[in-house]
Each structure stands twice: as C-alpha cells, then as structure tokens.
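Single-structure report; data block below.
A short reminder: the numbers here are calculations on the coordinates, not readings from a lab. Keep in mind it's a predicted model, so treat the numbers as computed, not measured. With ideal geometry, Cβ positions are generated from the backbone for all residues, glycine too; neighbour counts draw on all protein chains shown.
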Amino acid sequence: RGQRDGVYGPDDVPQRSSFGVSDLNPESIEGYDARNAPFGKHAAVGSEHLTALQENYLQQLALETGLHYRRLSDAAALAEAVQIPEFALPAAVEVDVRWYYAVLVLLLLLAIFI
C-alpha cells in the first residue's frame, strides 16, 4: 500500500557487540569499569539501524565461508544467476504422485453421479 509499517531507531539495534569479555584496550575506553562497564559507560553511537548494502562485508563473508556473492539488481539478474551451473546442486528427489490419481478418481466419481 506504500505506507510505512514501522521504522527502526538507533536504540532498536545493537550498534556494537556488548556480550562477553571486551577485547578492546581498557585504556582507550572512556568510562571503563571492569565489573560494571567493560565496554564503557557511554551508549554506542552508530548507524547500524539504517538500511544499507554492506557489499564489501558480504563479499568478504562469502569469501571466508566458501560461498558466492552476487548482487541482484533486478529480475533479469536473478534469472541469469539461477542459470549458472556452479550455483546448482543436482539431486535426485522422489516425488509422490499418488494424489494425481486420487483427484482423477474423485473427478470421475463426481462426473458419474452428476
């Protein structure tokens, strides 16, 4: 309908990881307290809540995981990408077709009684 359903604000998305032990240098963290504020007492500021394509990060992640990254800008690019043989994984799959015959029999029974 072209109407906004909701938006994320800076407080809705973690701007940095604050779980576990801080791997940052304690001397460089303003408001550092080993027990109560290992990441500093000030809130993290950032723009992680904004929608943005982090293409360099995605390319690096694909390289590290052995996957492929391909930017799909339109439907034609998607159609082209799914035709690339290196993205395919051929597999034999058993398919149950008994329901076709059941529907055919039901239609024939319906035709007989009508």
Exercise for the section: Compare the peptides 59-70, 101-112 by average per-residue count of other Cβ atoms within 10 angstrom and give them in order, highest first. Expected result: 59-70, 101-112
Exercise for the section: In whole Hz, with x marking every Gly and Pro, tabulate ³J(HN,Hα) for segment 52-64 from phi via Karplus 6.51 cos²θ - 1.76 cosθ + 1.60, θ = phi - 60°. Expected result: 7, 8, 9, 4, 4, 5, 5, 5, 5, 5, 5, 5, 5
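Multiply the residue separation of Ala81 and Glu55 by 0.36 nm, subtract the distance between their alpha-carbon atoms, and state the gained length in nm to one decimal. List each step's numbers first, then the result.
Numbers: separation 26, 0.36 × 26 = 9.36 nm, distance 1.72 nm.
The span from Ala81 to Glu55 would gain 7.6 nm if fully extended.
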